[in-house]
Ligand code: UDP
């Protein structure tokens, strides 16, 4: 198939490009290199058509979508710190960008897989989180919920186009991590801890560290994304792509320290100090993966210690 990957130079996008190439597909990447990096595609640049541009460029997106059979739309403003610091990016890129991509797909009648996020659940207390659960958000003064809302708007667009018969689906990611993760750690606690442990600095814990996440290795995240594009089983629905194994941030810090083989201390930082006033965190986040198991037969296969080990190996090879 001819496939367009928006955000294909990003951490997740570039792994998806690898998988598509492995399966013999013809790949075009659209990425403006805002958080993505050409380096992520350096090993396969001769096999893909790379376009350095933005999803906000309607004419460009239209031209690219016309020439493919399938679109994976991963381009987005991501990372809690980034979103809190630059809320407009999150609202415009994530809401308007998806509108542009879906509009073009509707014009040329192409299937689209839209990358969504577990952030859409907000701070719901219902665990595990199933796709049709209520979303629970706080005040509009909290920029994090603007991100959640923009991604939820993306999903509303998915379902609206689906009603018109367009094959579209949304995949909700749960804390993906793995090789090529941004080492600055702005979007992932795994990267933050790994960088800190390797350089002998204290590991920064925001809040008291009892908040939990379910970390999902990139190969699993990307395989589920790939399958959602290749099968029609999830058309018209959203599916969770997450590893249901829940862990506190304190436990994660221990695992990373053990793996790296250091005993650096923890440094507790209040949310206010890190993110300013009007910040709220998600206390627990766990996916219910029944739907994606039923529809795609997808399950995570890489457990945390193995995934962290593979990430660490990549990190050492890349940065030392
Ligand atoms: N976190 C932390 N220290 C860090 C970075 C993140 O304690 O250096 C916490 C963060 O407050 C959140 C969790 O780790 O509770 C996961 O953060 P991340 O930014 O990876 O993703 P999120 O799930 O919040 O989108």
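The values are calculated or read from the model by the stated rules, or taken from the named source; none is laboratory data. Bear in mind that the values here come from a model prediction, so they are computed numbers and not experimental data. Here the Cβ positions follow ideal geometry from the backbone for every residue, glycine too, while neighbour counts run over all protein chains shown.
Among residues that are under 30 Å from residue 273 (Cβ atoms) and either more than 8 Å from the ligand (Cβ to nearest atom) or not in a strand (DSSP E or B) (or both), residue 187 is included.
Does residue 165 count as surrounded by fewer than 18 Cβ atoms within 10 Å (Cβ to Cβ), at pLDDT 95 or above and assigned to a loop (DSSP other than H, G, I, E, B)? Considered against the rule, which asks whether it is surrounded by fewer than 18 Cβ atoms within 10 Å (Cβ to Cβ), at pLDDT 95 or above and assigned to a loop (DSSP other than H, G, I, E, B), residue 165 comes out as yes.
Does residue 182 fit the bill of being outside any loop (DSSP other than H, G, I, E, B) and either within 14 Å of the ligand (Cβ to nearest atom) or within 18 Å of the chain's Cα centre (by Cα) (or both)? It is false that residue 182 is outside any loop (DSSP other than H, G, I, E, B) and either within 14 Å of the ligand (Cβ to nearest atom) or within 18 Å of the chain's Cα centre (by Cα) (or both).
Residues that are within 12 Å of the ligand (Cβ to nearest atom) and at positive phi number at least 3 in none of the helices (runs of 4 or more DSSP H) confined to segment 198-308.
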